[in-house]
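Engineer: What follows is a single structure, and I will ask about it in a moment.
The values are calculated or read from the model by the stated rules, or taken from the named source; none is laboratory data. Predicted model only: the values in this text are computed from it and were never measured. Cβ: placed from backbone, ideal geometry, glycine included. Neighbour counts: every protein chain shown.
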Amino acid sequence: MGGYDLLFRLVTCNDTIRIPPETFGNPLEAVGYQQVKAKYEGAVDEELGYVIAVIDVEVSSTGKIIPGDGAAYHKVTFSLLTFYPKIQEVVEGEVVEVADFGAFVRIGPIDALLHVSQLMDDFISYDGKQGVLMGKETRRRLTTGDQIRVRITAVSLGRAGSSGKIGVTARQPFLGKLDWIENEIKRIKEASEKKSGETEE
């Protein structure tokens, strides 16, 4: 899959977590892991991107107590597996939903919007019964389950609590449904072989 190695990152972080009094006596690492996981997994952050998983949580054995709060506060160091979409990155994904305005493409842990205007250089019609977007001249069809190669054109990770938005395009050479790309490469190869055959005569 194109580009994914650049989009997934392991980030090392430090924080201070609250160990609730009802968990005293439980293994500190296990409680610390649960607290970090609850705070970070699934979060969307402008700097980190999409947080997929918490890995390698190390909890300091020395904690602090704040008057009026029965909990202990411990420093933690941990790694986060994140997905950070970058503009201009080329990625492959699966079409998970088709609508009259475009398609949603699953890239990494999220669905990016491929607007109908960014699908192909053709007039596109939508068949709601079959869930298909189709080009008038090219007869190219896009439906749920298709594998497609796209370029990321817009990323808005938004504020905390929002899921963020990603826009993609397939209107560039060698982008689009994988079958279309294969056929295009085949057509170019055949044209090139035919041309070189003509020059040899």
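Engineer: Among the residues that make up the stretch 74-88, is at least one of them at pLDDT 95 or above, more than 27 Å from Gly42 (Cβ to Cβ) and either surrounded by 14 or more Cβ atoms within 10 Å (Cβ to Cβ) or not basic (Lys, Arg) (or both)?
Structural biologist: Checked against the condition, which is being at pLDDT 95 or above, more than 27 Å from Gly42 (Cβ to Cβ) and either surrounded by 14 or more Cβ atoms within 10 Å (Cβ to Cβ) or not basic (Lys, Arg) (or both), the stretch 74-88 yields no hits at all.
Engineer: With within 20 Å of Thr153 (Cα to Cα) and not assigned by TED's automatic domain parsing to the domain that holds Glu47 as the only criterion, which of Val116, Val132 stands out?
Structural biologist: Val116
Engineer: Which residue out of Arg149, Arg171 is of a type outside the set (Ser, Thr, Tyr), closer than 20 Å to Lys86 by Cβ and part of a strand (DSSP E or B)?
Structural biologist: Testing whether each residue is of a type outside the set (Ser, Thr, Tyr), closer than 20 Å to Lys86 by Cβ and part of a strand (DSSP E or B) leaves just Arg149.
Engineer: Between residues in the stretch 145-165 that are under 14 Å from Gly108 (Cβ atoms) and assigned by TED's automatic domain parsing to the domain that holds Val105 and residues that are modelled with pLDDT under 70 and not in a loop (DSSP other than H, G, I, E, B), which pairs lie under 8 Å by C-beta distance while being six or more apart or on different chains?
Structural biologist: From the stretch 145-165, no pairs qualify.
Engineer: Okay, next question. Report the residue count in the stretch 19-40 for those that are touching a strand residue (DSSP E or B) at 6+ places or on another chain (Cβ under 6 Å) and not small (Gly, Ala, Ser).
Structural biologist: Residues in the stretch 19-40 being touching a strand residue (DSSP E or B) at 6+ places or on another chain (Cβ under 6 Å) and not small (Gly, Ala, Ser): 9 in total.
Engineer: Being more than 21 Å from Val168 (Cβ to Cβ), touching a His at 6+ places or on another chain (Cβ under 6 Å), buried (at least 18 other Cβ atoms within 10 Å of the Cβ) and assigned by TED's automatic domain parsing to the domain that holds Pro27: is that true of Val59 here?
Structural biologist: Yes: the conditions hold for Val59.
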